[in-house]
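So the structure is just underneath, and the comments pick up after that.
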Amino acid sequence: MNKRLDWIQEEINALKEGGLYNRIRTLGSPQGAWLIVDGKRVLNFCSNNYLGLANHPKLVEAAKEALQKFGVGPGAVRSIAGTMELHLELEKRMAKFKGVEAAITFQSGFSANLAAIPALVGKEDVLFTDELNHASIIDGCRLSGARIVKYAHASAADLDRVITENSGTYRRGLTITDGVFSMDGDLAPLDEIYEITNKHEVMLMVDDAHGEGVVGRGGRGIVDHFGLHGKVDVEVGTFSKAFGVMGGVVAGNANIIDWLRQRGRPFLFSSAATPADVAACIAAVDLLESSTELVDHLWDNAKYFKAIMKEMGFDTGHSTTPITPIMLGEAPLAQQFSHEMFEESVFAMPLGFPTVPKGKARIRVMISAAHSKSDLDQGLEAFSKVGRKLGVIE
Ligand SMILES: *Cc1c(COP(=O)(O)O)cnc(C)c1O
């Protein structure tokens with residue numbers, strides 16, 4: 001054995017002792033309200049499949065057709081020979097769906113952030129970022145080389161303070177916030193944030209990964225929710241959550257999108273999304289544009305589930321979206337809770353540090369339009385039983 005690699009085993013042991021070692025479960029079925037996980041049939045409470053589109057027949061059909069017509073791989077990066085008609089069609093459709101001039105798509109939401117942020121700011125610039133922003137925003141900020149200034153979570157007043165304090169010290173400023181915060185399910189006060197960034201003439205970017213397909217009219221996202229069309233410079237999104245597929249998108253004015261086609265590094269140096277994925281994304285836009293039924297059902301389910309969890313005495317944090325954190329505190333309790341839920345045939349994974357801050361471990365329930373009322377009741381029953389057994393509720 002290599003002595004120089006011993007540290008890895010030590011680190012892994014420490015994770016295990018701290019209850020922070022990720023034990024990754026394996027699915028033996030498509031996504032849906034029910035899954036086969038590690039060979040067992042369980043109720044699914046932790047996918048980002050908000051609208052049940054991940055195995056929707058219309059998306060599967062669109063992917064199959066694209067496979068037949070365009071094959072399996074894109075064969076190149078977008079800027080050389082990887083841009084197919086499908087990519088441009090999806091970009092046009094997304095621009096229209098979001099009510100902006102233009103859109104550019106990427107392989108994932110993660111790469112959309114790595115593309116957008118370093119293209120907009122560099123060494124002479126400064127980033128104002130919410131302290132709870134997603135890891136892909138944090139990494140995009142670091143890659144840009146710009147100075148990073150955090151502001152207190154969801155606080156427009158604190159944003160105002162940090163921009164004022166730093167005024168005159170930079171060339172360009174960019175404020176970035178998650179739209180819906182993925183671990184707590186709360187919304188950024190984007191209307192107030194816009195007032196501040198507009199006053200200081202700082203660019204504004206929102207990452208709406210958990211908002212697209214969920215908030216706003218028919219799932220048009222957080223900018224639509226607040227009626228801020230034309231005011232937020234850059235909207236980042238993902239096709240891997242409510243849209244049920246895989247991929248990322250940046251929507252905004254035509255100049256910004258043109259610039260990202262020139263300078264977005266994952267666009268220039270990583271191959272295009274596959275034809276099947278892109279076609280499935282287009283089918284998802286079709287569905288969202290044709291009816292609000294799935295989005296409405298998602299919200300009905302979320303309201304019902306959260307109300308009963310609260311009534312039972314669980315601390316569900318301050319979520320205002322279908323993301324429902326069940327706050328448990330220490331990581332080992334969250335792990336044990338999840339394990340007991342699995343015994344009750346409910347799949348609800350624990351989240352601990354570094355996904356959430358230390359001492360704020362939780363189970364995060366992801367409600368979906370795919371759930372029926374009896375699914376939700378069965379899940380609530382399991383929470384009640386395990387919660388009493390572990391002394392979390394009375
Ligand atoms: C999930 C998520 C991403 C990453 O999206 P992928 O398409 O899965 O890479 C980016 N930003 C936020 C806020 C997210 O929640």
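Please report how far the C-alpha centroid of the stretch 346-393 lies from that of the stretch 123-162, rounded to the nearest whole angstrom.
Here the two parts' Cα centres lie 31 Å apart.
Can you tell me the accessible area per residue over the stretch 303-394, all protein chains present, probe 1.4 angstrom, in square angstrom?
Values: 4110 Å² over 92 residues.
In whole numbers, the stretch 303-394 has 45 Å² accessible per residue.
Could you rank the peptides 282-290, 270-278 by their average count of other C-beta atoms within 10 Å per residue, with the highest value first?
Numbers: 282-290: 18.7, 270-278: 22.9.
Output ranking for 282-290, 270-278: 270-278, 282-290.
If a paramagnetic tag sat 7 Å from the Cα of K123 along the Cα-Cβ line, which residues of the stretch 168-183 would have the backbone N under 15 Å from that point?
171-172
List, in order, the whole-Hz ³J(HN,Hα) value for each residue of the stretch 100-115 obtained from phi through the Karplus relation with A = 6.51, B = -1.76, C = 1.60 and θ = phi - 60°; use x for Gly and Pro.
Ordered by residue, 3J(HN,Hα) equals 10, 5, 8, 8, 10, 10, 10, 6, 6, x, 4, 6, 4, 5, 5, 7 Hz.
Explain nothing, just compute: Karplus ³J(HN,Hα) = 6.51 cos²θ - 1.76 cosθ + 1.60, θ = phi - 60°, for every residue of the stretch 158-175 in order, whole Hz, x for Gly and Pro.
These are the phi-based 3J(HN,Hα) values: 5, 4, 4, 4, 5, 5, 4, 4, 9, 4, x, 9, 8, 7, 10, x, 9, 9 Hz.
How much accessible area per residue does the stretch 57-290 have, counting only protein heavy atoms and a probe of 1.4 Å, in square angstrom?
Numbers: 9440 Å² over 234 residues.
About 40 Å² of surface per residue is accessible.
From the backbone phi of the stretch 39-54, what are the Karplus-calculated ³J(HN,Hα) couplings (6.51 cos²θ - 1.76 cosθ + 1.60, θ = phi - 60°) in whole Hz, Gly and Pro given as x?
x, 10, 7, 9, 6, 8, 10, 9, 8, 8, 7, 3, 10, x, 8, 4
Mind checking which lysines have their Cα closer than 17 Å to the Cα of K69? Skip sequence neighbours fewer than 8 apart in that chain.
K58
Would you grab the residues whose amide H sits under 5 Å from the one on W34? Only those 5+ places off in sequence or on another chain, please, with H modelled 1.01 Å from N.
N44
What residues qualify as long-range amide H neighbours of I326, i.e. H under 5 Å apart, gap of 5 or more or another chain, H built at 1.01 Å from N?
For I326, the qualifying residues are I363, R364, V365.
Please give the residues of the stretch 13-36, grouped as numeric ranges, whose backbone N is less than 13 Å from a label point set 7 Å along the Cα-to-Cβ vector of E343.
none
Over the stretch 57-290, what is the mean sequence separation of C-alpha contacts under 8 Å (at least six apart), divided by residue count, expressed as relative contact order in percent? Don't skip to the end; give the middle numbers.
Working: 491 pairs, mean separation 74.7, N = 234.
Relative contact order here is 32 percent.
Can you compute the modelled spin-label distance between E381 and F353, with each label point 7 Å from Cα toward Cβ, in nm?
With each label point 7 Å from Cα toward Cβ, the separation is 3.8 nm.
Take H153 and L27, extend 7 Å from each Cα along the Cα→Cβ direction, and tell me the distance between the two endpoints in nm.
Distance between the two pseudo-spin positions: 2.7 nm.
I need the calculated FRET efficiency for the pair S290 and H200, taking r as the beta carbon distance and R₀ as 35 Å, to the nearest 0.05.
Values: r = 41 Å, r/R0 = 1.16.
Computed FRET efficiency for S290 and H200: 0.30.
Relative contact order of the chain: what whole-number percent is it, with Cα pairs under 8 angstrom and at least 6 residues apart? Mind showing how you got there, number by number?
On the way: 807 pairs, mean separation 87.8, N = 394.
Dividing the mean separation by the residue count of the chain yields 22 percent.
Sticking with the crude label model, points 7 Å out along Cα→Cβ, report the distance from D315 to E165 in nm, one decimal please.
With each label placed 7 Å out from Cα toward Cβ, I get 2.8 nm.
Of the heavy-atom accessible surface of the stretch 57-290 (probe 1.4 angstrom), what whole percent is carbon and sulfur?
Numbers: 4870 of 9440 Å².
Carbon and sulfur together cover 52 percent of it.
Once amide H atoms are built 1.01 Å from N in the peptide plane, which residues 5 or more positions from G248, or in another chain, come under 5 Å H to H?
Amide H neighbours of G248, under 5 Å, 5+ apart: F106, Q107, S108, G109, F239.
Running Debye on the chain with equal point scatterers at the Cα sites and no solvent, what base-10 log of I(q)/I(0) appears at q = 0.06, 0.07, 0.08 Å⁻¹?
-0.24, -0.33, -0.44
Figure the gain on full extension for N55 and E10 (residue separation times 0.36 nm, minus the Cα-Cα span) and round it to one decimal in nm.
Values: separation 45, 0.36 × 45 = 16.20 nm, distance 4.05 nm.
Full extension of this stretch gives 12.2 nm more.
Treating cross-link reach as a plain straight distance, find the lysines whose alpha-carbon is under 30 Å from the alpha-carbon of K123, omitting any fewer than eight places away in the same chain.
K150, K199, K231
Which residue fluctuates most in the GNM of the chain (Cα springs below 10 Å): L187, L88, L298?
L88
The values are calculated or read from the model by the stated rules, or taken from the named source; none is laboratory data. Just so we're clear, the structure is a prediction, and the values are computed from it rather than from any experiment. Cβ: placed from backbone, ideal geometry, glycine included. Neighbour counts: every protein chain shown. Only protein heavy atoms, including side chains, enter the accessible area calculation; ligands, DNA and RNA are left aside. Shrake-Rupley method; radii C 1.70, N 1.55, O 1.52, S 1.80 Å.
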